[in-house]
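The values are calculated or read from the model by the stated rules, or taken from the named source; none is laboratory data. This structure is a prediction, so every number in the text was calculated from the model and none was measured. Note that each Cβ is placed from the backbone with ideal geometry, even for glycine, and that neighbours are counted across all protein chains shown. Accessible surface is based on the protein model in full, side chains and every heavy atom, while ligands, DNA and RNA are left aside. Shrake-Rupley method; radii C 1.70, N 1.55, O 1.52, S 1.80 Å.
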Amino acid sequence: MSASDSKQNGAPKIGVYVCHCGINIAGKIDVAGAVEFAKTLPNVTVAREYKFICSDPGQELIQQDIRDGKINRVVVASCSPLMHENTFRKATKAGGENPYFFQMANIREHVSWVTTDKAMATIKAKALIAGAVHRVAHHKSLERTRVPVNPDVLVVGGGIAGIHAALTLADSGKKVYLVEREPTIGGHMAQFDKTFPTLDCAACILTPKMSAVRSHPNIILWSYSEVSQVEGYVGNFKVKVRRKPRYVDETLCVGCYECIDKCIFKKPKFPDEFNQGLNLRKPVYIPFPQATPLVALIDPETCAEFRGGKCKKTCAEACERNAIDFNQKEEIKEIEVGAIILATGYKTFDAKRIPRYGYGKYPNVYTAMEVERLVNASGPTGGEVLLRDGKKPKSVAVVHCVGSRDENTNRYCSRVCCMASLKLAHLIHERTEAEVYNFYIDMRAAGKGYEEFYDRLLAEGVHFIRGRVAEISDWATTPEEEGKLIIRAEDTLIGVVRRIPVDMVVLATGLEAQADAEDVRRVFNISCGAEGWFLERHPKLAPVSTFTDGVSLAGACQGPKDIPDTVAQAGAAAAEALALIDKGFVELEPNTAYIQDEFCSGCKTCIGLCPYSAISFVADKNIASVNGALCKGCGTCVAACPSGALQQNLFTDEQIYDEIKGVISYV
């Protein structure tokens with residue numbers, strides 16, 4: 001008599017399929033013994049083994065048993081659900097049953113890969129199979145929920161990543177809101193002179209894209225603005241954007257500079273942030289000539305009108321278009337979008353955190369970003385590399401890995417510093433003909449054309465000294481060192497400590513997560529890694545997705561990366577948003593929590609615990625309510641509910657208790 005013959009009509013008919021997975025499972029577990037054991041379990045009508053059950057013939061085996069009426073529940077004992085749960089749910093559905101009448105027993109990662117004793121591994125596999133069989137008998141028919149998707153997209157951050165993502169989406173016909181907190185888009189790339197290794201003019205390749213953003217009919221650009229609140233869920237986000245007052249009407253200003261020329265401050269007096277404080281600006285200013293939008297703004301911290309109220313307002317008198325508005329207030333814009341792309345970028349390491357390098361103490365110790373501005377034709381010196389006293393340096397040291405690969409600051413490699421240092425070494429040598437010394441730990445030139453660029457620097461006569469710099473000082477021990485900065489470092493290739501006197505030092509500072517990354521993370525309900533970078537869903541299989549559906553990452557907010565990788569990732573993030581929008585709807589997994597109204601006491605314990613803000617309180621009924629679209633099925637609320645009113649689909653008390661009973665009853 002077959003196993004199926006012994007079952008009564010109306011009871012679940014469970015099929016158990018044990019996979020060999022080559023020798024991954026069969027090499028450690030007695031598969032045939034596990035199958036014979038499965039036949040003895042209650043309601044099991046079919047038990048089979050197969051070499052690779054995830055293959056098409058293996059799935060067809062399951063489907064055929066369902067079609068023949070032999071089974072109406074499926075248990076597959078194989079690998080992790082993360083790998084193939086969806087595969088077997090589809091097979092169950094293709095056979096004609098509800099896809100959630102399926103349960104997986106992980107006998108590879110949980111048993112064969114971690115258990116050395118073959119007999120014990122087989123016993124453990126049998127226990128997991130018994131648990132799955134008991135559990136699946138209580139599974140209920142469930143359906144995915146379809147939610148329509150708003151076709152508009154929000155891109156946060158107007159660096160090269162945000163610009164590329166916004167243009168990709170806009171060119172495909174989608175409406176894009178691009179929000180940038182600085183007065184202009186462009187990000188760090190707008191401050192660079194050249195890009196490595198091709199030495200393209202950064203402005204020449206970036207500004208056309210900035211202009212395209214400004215003029216694109218599908219892009220609404222909100223500069224000098226920040227996202228203050230995000231509500232909703234994938235496909236239906238409600239976002240509040242705080243627009244800070246520029247005190248200049250964007251719709252009227254044409255960037256003619258008349259207001260700046262007529263400011264009561266005849267000469268610039270305040271540090272220019274765009275030029276790293278190497279020159280000065282007035283209270284009313286335009287960040288740089290190619291700024292987008294090309295609109296002036298007034299700094300209320302330095303403007304005489306805001307500080308004392310006694311300004312003659314000559315800027316307003318000079319503006320023929322009446323664009324100056326000292327009464328402009330902060331504005332809140334509310335928008336609805338279906339997808340969000342975060343491209344908030346990075347900040348550079350603060351070199352003052354390493355006092356022995358003398359930044360802030362010695363005037364001629366610069367950061368790499370400051371030198372980027374010095375070598376830039378639109379920078380404070382018109383592209384000339386000059387010391388603070390206006391002289392050209394005759395010798396320059398470039399110190400690599402400042403704030404990177406250091407247990408006292410950041411242990412990670414910032415990836416771009418080696419190549420950025422080589423670029424600056426080349427430009428400094430080209431502009432000054434100075435002797436340039438590079439102090440490096442390892443030369444990391446992994447990228448298209450990078451190694452060739454390194455070879456080019458060697459041919460140009462740039463010096464390379466392998467060793468971390470111990471100290472930078474002005475302590476001279478010989479007449480030749482008088483008036484110089486002294487670099488003291490161990491040259492690990494020849495095994496001696498060297499003292500190199502130079503006129504100028506460039507600190508290649510590393511990359512760090514933005515200072516407000518934690519605040520931004522909370523607004524968008526995503527996660528950060530240990531170093532503060534935004535965390536992707538999977539480092540290999542989902543590098544631009546986050547654990548919040550509908551929110552993607554682009555560029556260096558996810559981790560240090562160079563411009564080509566940033567642009568590539570921005571394109572991938574735009575593709576994710578397009579795939580979501582063009583589908584028109586999202587299907588939500590049904591493994592969500594739900595409230596049993598009659599048991600809810602209205603204690604609100606669950607509301608504060610939910611990490612996805614999926615639970616709200618219904619005051620007139622004095623009960624909690626779960627938004628199924630927001631719920632991720634983490635189970636936190638279910639475990640914490642003191643009255644047991646919260647349950648979760650696919651994880652009901654009955655299913656879990658019977659699974660435990662199955663495990664402990666057959667071991």
Picking from L553, V523, A542, whose Cα lies most toward the positive end of the charge dipole for region 503-560 (charges on Cβ: Lys, Arg +1; Asp, Glu -1)?
A542
Built amide H within the under 5 Å cut-off of D30, gap 5+:
T122
Report the full-extension gain for the segment E490 to Y362: residue separation times 0.36 nm, less the Cα-Cα distance, to one decimal in nm.
43.9 nm
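Using just the helices of the chain, give the 222 nm mean residue ellipticity in deg cm²/dmol: DSSP H runs with n ≥ 4 each add -39,500 (n - 2.57), and the total is spread over all residues, rounded to 500.
Details: 18 runs with 183 residues, N = 667.
Counting only the DSSP helices, I get -8000 deg cm²/dmol.
Indicate the gyration tensor shape class of region 276-317 (rounded, prolate or oblate), computed on the Cα atoms with a ≥ b ≥ c the square roots of the eigenvalues: a/c under 1.5 is rounded; otherwise a/b larger than b/c is prolate and the rest oblate. Before the final figure, lay out each step's value.
On the way: a/c = 2.67, a/b = 1.56, b/c = 1.71.
In terms of gyration-tensor shape, oblate.
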State, to one decimal in nm, how far the label point of D582 lies from the label point of S378, with both points 7 Å from Cα in the Cβ direction.
3.5
If you average the C-alpha positions of region 80-112 and of region 452-524 separately, how far apart do those two centres end up, in angstrom?
55
Under the definition of Cα pairs under 8 Å and six or more residues apart, what whole-number percent is the relative contact order of the chain?
14
Which value, in Å², gives the accessible area per residue of the chain when a 1.4 Å probe is used on the protein heavy atoms?
46
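Normalising by the residue count of region 54-196, find the relative contact order in percent from Cα pairs under 8 Å and 6+ residues apart. Mind showing how you got there, number by number?
Details: 162 pairs, mean separation 26.0, N = 143.
Relative contact order comes out at 18 percent.
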What is the angle, in °, between the Cα long axis of helix 56-67 and the longest principal axis of the Cα atoms in the chain? Nearest 10 is fine, range 0 to 90.
40
What full-extension length gain, to one decimal in nm, is calculated for K238 and S211 as 0.36 nm per residue of separation minus the Cα-Cα distance?
6.9 nm
Residues A459 and N408, FRET efficiency given R0 of 25 Å [Cβ-Cβ distance, rounded to 0.05]
0.10
Relative to the longest principal axis of the chain, what angle (0 to 90°, nearest 10) does the C-alpha long axis of helix 417-432 take?
20
Roughly what angle does helix 160-171 make with the longest principal axis of the chain, taking Cα atoms, 0 to 90 degrees, to the nearest 10?
60
Measure up K266/K391; K194/K269; K267/K392; K267/K312; K13/K118; K604/K632 against 23 Å on the Cα-Cα distance and list the ones that go over.
K266/K391; K194/K269; K267/K392; K13/K118
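Using a 1.4 Å probe over the heavy atoms of the protein chains, calculate the carbon and sulfur portion of the accessible area of region 127-221 as a whole percent.
Numbers: 1830 of 3420 Å².
That fraction is 53 percent.
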Between C528 and V147, what is the FRET efficiency for a Förster distance of 35 Å, r being their Cβ-Cβ separation, to the nearest 0.05?
0.80
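Using a cut-off of 9 Å between beta-carbons, work out the net charge of the residues near R499 (Lys and Arg +1, Asp and Glu -1, R499 not included).
Details: positive: R488, R498; negative: E481.
Around R499, the surrounding residues sum to +1.
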Could you check how much of the accessible area of region 429-546 is carbon and sulfur, as a whole percent, using a 1.4 Å probe?
50
Take D171 and R498, extend 7 Å from each Cα along the Cα→Cβ direction, and tell me the distance between the two endpoints in nm.
4.6
Quick calc: nm separation of the 7 Å Cα→Cβ label points for V254 and K448 -> 4.2
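Over region 466-624, what relative contact order in percent results from Cα pairs under 8 Å that are six or more residues apart? Display every interim value, and only then the final one.
Working: 188 pairs, mean separation 16.7, N = 159.
In percent, rounded to a whole number, it is 11.
Sort T409, T477, T116 by accessible area with a 1.4 Å probe, largest first. Show your work: numbers first, answer last.
Numbers: T409 30, T477 80, T116 125 Å².
The most accessible residue leads, giving T116, T477, T409.
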